[in-house]
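Enquirer: I have a structure here, written as C-alpha cells, and I will follow up with some questions on it.
Nothing in this text is a laboratory measurement; each read-out follows from the coordinates by a stated rule. Owing to the predicted nature of the structure, the values given are computational and were not obtained by experimental measurement. Reconstructed Cβ throughout: ideal geometry from the backbone, glycine too, with neighbour counts over all protein chains shown.
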Amino acid sequence: MGEEQDLHRPVSFWKMPVGVFFKDARSVFKWDVLGKEILQIAVPAALAVAADPVASLIDTAFIGHIGPVELAAAGVSIALFNQASRITIFPLVSITTSFVAEEDTVAKMKIKSGKGQKLENGSDMLDDMEKGVAKPKPETKEPALDDENEAAEMGKHLENGENSDKGLDEGSAAKNSIPEDAKVENGEKGVPKNSDPDENGSKTSIVNGPSVVMSKNKKAKMKNKKRTIASASTALIFGAILGLLQAIFLMLGSKVLLGVMGVNHDSPMLKPAMKYLTVRSIGAPAVLLTLAMQGIFRGFKDTKTPLYVIVAGYAINIALDPLLIFVCGFGIRGAAIAHVLSQYLMALVLFLILMRKVNLMPPSIKDLQFGKFLKNGSLLLARVVAVTFCVTLAASLAARLGPTPMAAFQTCLQVWLTSSLLADGLAVAGQAILACAFAEKDYKKATATATRVLQMGFILGVGLALVVGVGLYFGAGIFSRDVNVLHLIKIGLPVCLLSSSKSS
C-alpha cells in the first residue's frame, strides 16, 4: 500500500532533470568550500586545455601572413591532426582522471584508517601505563628487605625513575617500568628517555599523548613517499602506444587522408598541407603522453603544475614561430617544427615531475588495468567518433569549396575550439571531485557538485558567446588580410556564437 502511494506521489520539481539548473541557484557564485574547490581545479585546467588551441591560433596568424593557400593548407592539416588525436585523447584523459582520483582517494582512506587504529592502540597503551603509575598503594606495611637480592631489585626500580617515597608495590612497579626497547623507540620519537618525575611521581614523557606513537620522522617519510597508482602507469603505456600508432598512421597516409578531406592531387594546398602534417605527426607521441600525464595530475586535483609547464612550452612555441617561419625560411614547415619541439619539451618536464610523485613501475604487470581502461574507453570512444565525424565532414566540405572558404572555416573553427574548451575546466573539476566523492561514498557532495558545475557551465556559455561575438567581429583581421576571407568569417559568426554557448 505504501509503495502504491509512493508511485502516485508527485515528483518534486528539483528532482526533475530541468530543475537541476535552478536548484540552489543562489549558491552558484557562493564562495564556500565546494565553490573554492571547483574553481581551484577548474581555472588552471581550463587555461591548460585552452593553451593548445591558443597556440594553434597563433600558428594560424603567423601562417596567414605567408598567404591564403598556406593558411588553408595548415587549416586542413590541423583539423585532420586534431580529429585523429581527439579520438584517443578524450577517452584516455577522462578515464585516467577518474581512475587516478578514485584510486588515490581509496589509498588515502586506507592510510587514515591505519593511522587511526595505531593512534587508538597507542592511546590505550598509554592509558594503561598511566593507570599503573597512578595506582595507589594499598595501605599495608612494606616487608623489610632481608637479603641483598631484594635490595638490589629495589635499586633498579629507583634507577628507572620511580619515586620510592610513594612506596609503590612490586606489581605497580612492574607496570610502571618501561622496557629498554620502548625507551629507545620513544627517544627516536622525540620523547626524552630520562624525564624527571613531577611532584606526583608520574613522568612527563608518559603524558605526551599520541605523539609518542607517530614520530615526526615517520610523518616526513610518509609524506615524501612516492605513490603507487596502477592507473597512472597504465595511462602512460596507453598514451605511448596510441601516440606511436597515430604518428605512423598520419605520416604514411597523409596524402590519402588529405584527399578524403577534399585536397585533391591538383590542389595548390596539397604540398604545403603534406609538409605541415608530416612534421606535425612526429609530435603525436608527445601529445598523447602530455595529455595522459595531465589526466594523472587532474586525478590528484593538481591542475596548476600542468598549467605552468604547458604555458612555458607554448611560450617557446610562439617564440620559435617567427624565427623558423620567416628568419630561417622554413615557411609552413617551420610552424610545425616549433609545435613539435614544444610538445616534446612539455612531455619531458611533466614526466620528470611525475617521477618524483608517483612510482611509475607497478609492483607487478598484473596490477596494470588494461581491461578496465579498454572497457570504459570503448563507451567514450563512440561519443568522440560521432563528434569527430561531424567536424571532419564540415572541414572536408569547406576544403572542397577552395582555399578562401577553407581559410575562413579554419579561423572560425579555432576560435570555437578555444572558447568551448574553456568550459572543459569545469568538466575536469566535476570529474575529479565526483570520483573522490563516490569513492568516499559521500553522495550528498556528489549531488551538490553536479548541480553547481552545470549551473556554472550555463553561465559560462552565455558569457563566452558574447566575448566570441564581439572579439571575432572586430578582431578577424588578426588572422587574415584577405577581404574575401574576412567577409566569410563574419558570415559564419552566428554559428560560432551558438556553438560556443551550447558547448559550455
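Enquirer: 5 Å is the cut-off here: which amide hydrogens, built 1.01 Å from N in the peptide plane, fall below it relative to Val358, excluding neighbours closer than 5 in sequence?
Expert: Here Arg227 satisfy the definition.
Enquirer: Show me, for segment 369-384, the HN-Hα J-couplings you get by feeding each phi into the Karplus relation (A = 6.51, B = -1.76, C = 1.60, θ = phi - 60°), rounded to Hz, glycine and proline as x.
Expert: Coupling constants for segment 369-384: 10, 5, x, 5, 5, 5, 5, 6, x, 5, 5, 6, 4, 4, 5, 5 Hz.
Enquirer: Express in nm, to one decimal, how much length is gained between Arg26 and Phe370 on full extension, taking 0.36 nm for each residue of separation and deducting their alpha carbon distance.
Expert: Details: separation 344, 0.36 × 344 = 123.84 nm, distance 4.33 nm.
Contour length minus the Cα-Cα distance gives 119.5 nm.
Enquirer: Normalising by the residue count of segment 260-341, find the relative contact order in percent from Cα pairs under 8 Å and 6+ residues apart.
Expert: Relative contact order comes out at 38 percent.
Enquirer: Quote the FRET efficiency, to the nearest 0.05, computed for Cys328 versus Lys255 with a Förster distance R0 of 30 Å and r equal to the Cβ-Cβ distance.
Expert: 0.70
Enquirer: Distance cut-off 19 Å, Cα to Cα: go down the list Lys372/Lys445; Lys375/Lys444; Lys301/Lys357 and report the pairs above it.
Expert: Distance filter (> 19 Å) returns Lys372/Lys445; Lys375/Lys444.
Enquirer: List the trypsin sites (Lys or Arg not before Pro) in segment 443-504 that DSSP assigns to loop (not H, G, I, E or B) and whose Cβ has at most 16 other Cβ atoms within 10 Å. Which are they? Don't skip to the answer; put the middle values down first.
Expert: Values: sites: Lys444, Lys445, Arg452, Arg481, Lys490, Lys502; in loops: Arg481.
Qualifying residues, ordered by number: Arg481.
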